[in-house]
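Asker: Submitted below is the structure of interest, expressed as structure tokens.
The values are calculated or read from the model by the stated rules, or taken from the named source; none is laboratory data. What you see is a predicted model, and the numbers here were worked out from it, not measured in a lab. Cβ placement follows ideal geometry from the backbone for every residue including glycine, while neighbour counts extend to all protein chains displayed.
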Amino acid sequence: MFQTSSLSRRSFPRLCGIPAAGFLLALWLSGNVNGAGPPEAFEKVVEGRGTAYAVHPTLDGGYILTGSISFVGEDDVLLLKTDALGNFLWQTSFGDPGAGGDWGTDVEVASDGGYLILGATDSLEIPPGLGGLYLIRTDSQGGLLWERTCGGMYAAEVKETGDGGYVAVGTTPGLDNGHVDSDTDWDMYLVKVGGQGNLLWSKVYGHTKEDYGASVDLTPDGGYILAGTSTFSPDTDVLIVKVDAEGAVEWERTLDLGEGEHGYGIQSSPLGGFLVAAGGYTYGPDLRVLWSHYLVRLDGGGEVLWTKTLQDLGRTDVERFLVTPDGGCVLAGGTWTSDGDSDVYLARTDPDGNLLWERTFGGSWRQFAESVEPASDGGYIIAGGGLYLVKTDEAGNTNAHRQLPGDSNGDGVLDISDGIYILRNLFFGEGNGFPCGGRLEDPSNVRLLDFNGDSGVDVSDAVGTFMHLFLGGPGHYLGSRCVSFLEGCPELCK
């Protein structure tokens with residue numbers, strides 16, 4: 001069973017009554033947050049030490065982060081609190097020094113204002129070769145209330161249930177004489193625990209050699225919907241399982257969407273049925289990884305209503321997903337740049353899976369969205385690696401380095417001079433001082449000045465500017481609001 005301890009976890013016995021399995025937990029819990037006023041948008045590296053893997057809005061309008069912090073070469077679980085502007089307030093850590101690594105993978109705000117950290121530990125020795133689940137409950141100031149460990153389980157996601165407990169999905173490997181057997185089956189795994197971390201029940205699903213659980217959500221009938229991956233060597237498919245309140249299977253589906261696909265997110269849709277997020281990958285001629293991304297809408301019985309391909313063999317990797325109140329979704333991950341770095345990627349779709357907007361954030365170092373959550377004002381909060389934190393408005397914009405689409409001369413307004421500025425550069429080589437660098441062909445300038453969205457800047461964009469201003473033609477494809485830029489783009493939006 002899960003065990004209780006004050007601080008040390010070295011004495012924790014093996015979990016009883018659950019198949020010996022192993023999983024890392026990542027918590028996704030949305031919900032309304034009663035903040036103290038509208039949160040501000042920002043991008044910053046938070047003061048303090050450690051690396052954040054998850055973030056969640058808090059009841060006072062600030063944010064709580066969990067992840068890892070290193071002490072003498074080993075990691076402990078990090079818990080860090082900020083105010084509404086991302087300013088450091090306090091941090092603490094949990095773990096058993098010298099016993100192995102521990103890290104937090106997600107955090108939930110409890111109804112009393114305290115925090116539930118879902119994490120992992122590799123300090124457990126039962127069964128050999130696997131770590132386990134680490135569950136920590138604190139008060140609102142980070143003081144430890146209780147902790148639990150569970151040896152030998154890999155977890156992917158957990159949700160709070162209506163009865164105050166939690167349900168988690170993950171993967172369980174088979175064992176051979178108490179050791180991990182790499183030749184045995186791996187199965188999707190679902191476990192239900194009470195509000196104090198006590199085991200209520202556990203279930204195993206899957207029929208192929210390797211079935212992995214990645215995401216779980218509550219369903220309107222009191223049951224659960226699961227998503228993951230089913231391996232049919234050498235290919236993989238997306239696996240969907242619907243179960244009742246006790247974990248009994250009601251139906252299963254596999255979705256063949258492309259090459260190397262895996263299901264990483266599923267949620268109940270406010271429009272009915274479910275929305276599934278999946279990815280796939282292959283290798284290009286230069287041996288670089290190329291990703292594809294899919295959205296699938298299912299009805300309540302698991303039948304496919306539609307499938308959308310959002311990216312086909314591109315350089316953006318998406319692994320985070322949430323459904324929006326209108327039935328659309330937000331996707332987050334990282335997009336790789338030509339110099340080998342990556343920026344945080346954020347995108348929003350409408351209820352039919354059509355892309356509404358895309359945003360990137362980051363500096364001159366490698367960043368990836370480790371976590372995305374809805375903020376209380378309709379915007380989004382993102383933990384982007386290290387202690388990098390991004391808060392956007394509902395359109396994915398921040399207050400940092402904002403530009404007005406089509407503003408070629410950087411004066412903060414869209415007018416006839418912007419079209420003329422582009423033409424002068426194209427035909428006479430004049431006007432080299434563009435807002436996001438000196439050259440018109442610089443990627444940030446292309447995104448800013450590409451009026452018609454054809455991925456280039458030419459005469460048609462100048463003409464589009466004039467048509468919009470004088471004849472009521474279509475506006476810039478990014479819209480008429482300020483958008484966020486970082487590299488080479490100063491704050492010029494008025």
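Residue-by-condition table, conditions (1) among the hydroxyl-bearing types (Ser, Thr, Tyr); (2) more than 22 Å from residue 166 (Cβ to Cβ); (3) in a loop (DSSP other than H, G, I, E, B):
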site: 85; (1), (2), (3): no, yes, yes
site: 91; (1), (2), (3): no, yes, no
site: 100; (1), (2), (3): no, yes, yes
site: 103; (1), (2), (3): no, no, no
site: 106; (1), (2), (3): no, no, no
site: 113; (1), (2), (3): no, no, yes
site: 116; (1), (2), (3): no, no, no
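Asker: Step by step: first the residues of region 145-163, then only those that are over 16 Å from residue 108 (Cβ atoms) and out of contact with any Phe, Trp or Tyr (no Cβ under 7 Å at 6 or more places or on another chain), then the one that is modelled with the highest pLDDT. Which residue is that?
Answerer: 151
Asker: Given the criteria more than 21 Å from residue 44 (Cβ to Cβ), at pLDDT below 90 and not assigned by TED's automatic domain parsing to the domain that holds residue 276, does residue 338 qualify?
Answerer: It is false that residue 338 is more than 21 Å from residue 44 (Cβ to Cβ), at pLDDT below 90 and not assigned by TED's automatic domain parsing to the domain that holds residue 276.
Asker: Among the residues of region 241-290, write down those that are among the hydroxyl-bearing types (Ser, Thr, Tyr), surrounded by 13 or more Cβ atoms within 10 Å (Cβ to Cβ) and modelled with pLDDT under 85.
Answerer: Matches in region 241-290: 281 only.
Asker: Here's a follow-up. Is there a residue being out of contact with any Gly (no Cβ under 7 Å at 6 or more places or on another chain), more than 13 Å from residue 46 (Cα to Cα), at pLDDT 85 or above and in the same structural domain as residue 195 (by TED's automatic domain parsing) anywhere in region 72-87?
Answerer: No: zero hits.
Asker: Restricting attention to region 258-272, does a residue exist that is without any contact (Cβ under 8 Å) to a residue 24 or more places away in the chain and in the same structural domain as residue 153 (by TED's automatic domain parsing)?
Answerer: Checked region 258-272: no residue is without any contact (Cβ under 8 Å) to a residue 24 or more places away in the chain and in the same structural domain as residue 153 (by TED's automatic domain parsing).
Asker: Then there is this: So, residue 99, is that one over 23 Å from the mean Cα position of the chain (by Cα) and at pLDDT below 90 or not?
Answerer: yes
Asker: Answer yes or no: is there a residue in region 123-141 that is modelled with pLDDT of 80 or more, closer than 25 Å to residue 243 by Cα and in contact with a strand residue (DSSP E or B) (Cβ under 6 Å, 6 or more places away or on another chain).
Answerer: yes
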